[in-house]
Amino acid sequence: MPEINGTAPARFAAVKDRFAQNFVDGPDGLTEKGARFTVVQDEEVILDLWGGVSNREGTAPFTDATLTPVFSSTKAVTALMIARLVDQGKLDYNYKVSVLWPEFGRNGKDGITLGQLISHQGGLSGFSPPIDPATWFDIPALLDALCEQTPLWTPGEGSGYHPITIGYLMGEVFRRADGRTLGTALREDIATPFGLDLMIGTPEAAFPRISDMWKPTRAPDLGPLDPIKQAAFLDKGSSPAGRGSADWRKMEIPSANGHATAEALARLMQVVANGGRLKGGTVLTEKTLNDATKERVSGPDRVLPFDLSWGAGFLRNKGIHIYGPNARAIGHSGWGGSCVMADPDKRLSIAYVMNRQSHYLIGDPRPVGLINSVYEHL
């Protein structure tokens with residue numbers, strides 16, 4: 001067994017054993033390289049485990065200061081940042097995006113509301129025809145391409161997960177409403193004041209703490225393919241090239257390139273678990289929190305091969321039960337296995353990060369098993 005560090009009270013001994021076992025013989029052959037799992041309840045860390053290595057040579061340990069890219073788990077952070085602007089009256093989920101961003105309304109998008117767009121109902125999950133992959137690194141050009149894009153289905157008629165584009169869309173909405181980039185506001189309003197080690201747009205000074213990543217050994221199962229899934233995931237220009245490069249780390253992609261520790265993510269999700277409060281301060285009013293987490297669309301997703309229930313950027317646990325047994329729990333999962341979640345009934349928030357990626361789109365068995373074990377021993 002590897003050395004497992006952190007804090008694990010006796011009641012969570014079985015969770016610690018499961019975490020350790022993942023480094024020896026993980027589920028579905030997913031043996032860990034380096035990982036961290038943090039549980040917070042009522043703003044107190046009640047379980048925090050980490051272990052393994054953070055570089056391919058096996059010479060650098062995975063520590064409590066190690067950062068990992070959490071890919072689409074970033075979307076939960078972005079959903080909270082958008083909700084803060086709703087709370088401040090700078091945005092409204094019912095307002096048309098084109099009122100704030102007139103160019104967005106071109107080619108059949110003038111009626112799309114913020115609530116529809118952030119819940120993956122805007123029909124902009126990819127580009128048709130495909131774009132040059134380099135365009136993702138030119139934010140003005142990418143935004144122009146989104147403005148010119150005709151929706152791939154009628155907006156408001158069901159969800160279709162937007163793997164990357166939703167970050168650029170929400171980033172521009174945030175910038176127009178607030179005047180700062182979303183990553184800057186995250187740093188100034190949340191990360192620094194509350195002492196959270198997370199960022200969207202990572203400075204070079206933090207690069208030495210970022211773990212190497214082991215990519216999935218097989219492709220995900222997208223179900224029967226069609227042009228919408230092709231545009232979202234499989235075209236040459238479906239996502240930015242150079243993941244892990246300095247340029248990719250430093251730019252802001254609020255859907256995909258957050259870097260964080262599990263502790264920071266779990267503490268942040270206390271905002272959802274604890275009625276909008278964090279470290280004694282109000283981050284969101286309960287009304288806005290309810291608006292952000294309530295169901296906005298449910299049913300078969302056009303991109304992911306699952307029936308899903310979406311809030312305003314949050315994936316709801318209803319029907320999928322990958323974030324514990326409570327249907328009211330919400331969260332988000334990232335490419336390769338990371339996840340964040342919050343359960344308001346238990347005032348519980350959890351985050352899992354790792355550097356060995358799996359092929360699972362959502363519901364990686366490593367965090368699912370750990371989360372279920374936590375609930376068994378609460």
Verdict on E57 being surrounded by 21 or more Cβ atoms within 10 Å (Cβ to Cβ), part of a loop (DSSP other than H, G, I, E, B) and of a type in the set (D, E): no
Cβ pairs under 8 Å, 6+ apart, first in region 308-324 and touching a residue at least 60 places away in the same chain (Cβ under 8 Å), second among the hydroxyl-bearing types (S, T, Y) and open to solvent by 20 Å² or more (accessible area, probe 1.4 Å): L308/S298; W310/S298; G311/T293; A312/T293; F314/T293
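Would you check which residues across region 216-258 are among the basic types (K, R), at pLDDT 95 or above and either surrounded by fewer than 17 Cβ atoms within 10 Å (Cβ to Cβ) or closer than 20 Å to V77 by Cα (or both) and list them? Don't jump to the end; show me each part of the working.
Filtering region 216-258 for residues among the basic types (K, R) gives 218, 229, 236, 243, 249-250.
Add one more test, that the residue is at pLDDT 95 or above, and what stays is 229, 249-250.
Result: R249, K250.
Go over the candidates N290, N355 one by one and state the one that is farther than 30 Å from R56 by Cβ and either without any contact (Cβ under 8 Å) to a residue 12 or more places away in the chain or not β-branched (V, I, T) (or both). If you could, list the steps in order and put the result at the bottom.
Values: N355 fails: farther than 30 Å from R56 by Cβ.
Within the list N290, N355, the selection yields N290.
For region 126-191, which helices (runs of 4 or more DSSP H) that fit wholly inside it have 2 or more residues that are open to solvent by 30 Å² or more (accessible area, probe 1.4 Å) and not polar (S, T, N, Q)?
139-148, 165-178
Here are M354, M341: which of them is crowded, with 21+ Cβ neighbours inside 10 Å and over 17 Å from L80 (Cα atoms)? Before the answer, list the steps.
Working: M341 fails: over 17 Å from L80 (Cα atoms).
Of the residues listed, the single one that is crowded, with 21+ Cβ neighbours inside 10 Å and over 17 Å from L80 (Cα atoms) is M354.
For region 362-378, give me each residue that is among the β-branched types (V, I, T) and more than 20 Å from the chain's Cα centre (by Cα). Please lay out each step first, then the result.
So the first thing to find is which residues in region 362-378 are among the β-branched types (V, I, T), and the list is 362, 368, 371, 374.
Within region 362-378, V374 is the sole residue that qualifies.
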Qualifying positions in region 357-369 - under 15 Å from R36 (Cα atoms) and either polar (S, T, N, Q) or buried (at least 24 other Cβ atoms within 10 Å of the Cβ) (or both): Q357, D364, R366, P367
Going by what's in this entry, would G275 be described as at pLDDT 95 or above, touching a Pro at 6+ places or on another chain (Cβ under 8 Å), among the small types (G, A, S) and more than 25 Å from P9 (Cα to Cα)? yes
Is one or more of the residues making up region 299-307 surrounded by fewer than 23 Cβ atoms within 10 Å (Cβ to Cβ), of a type in the set (G, A, S), touching a Gly at 6+ places or on another chain (Cβ under 9 Å) and touching a residue at least 40 places away in the same chain (Cβ under 8 Å)? yes
Flagged in region 19-52 as open to solvent by 40 Å² or more (accessible area, probe 1.4 Å), under 23 Å from the mean Cα position of the chain (by Cα) and among the aliphatic types (A, V, I, L, M), in numbering order, are V45
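The values are calculated or read from the model by the stated rules, or taken from the named source; none is laboratory data. All values derive from a computational prediction rather than experimental measurement. Here the Cβ is made from the backbone with ideal geometry for all residues, glycine too, and neighbour counts use every protein chain on show. These area figures cover heavy atoms from the full protein model, side chains too; ligands, DNA and RNA do not enter into them. Shrake-Rupley method; radii C 1.70, N 1.55, O 1.52, S 1.80 Å.
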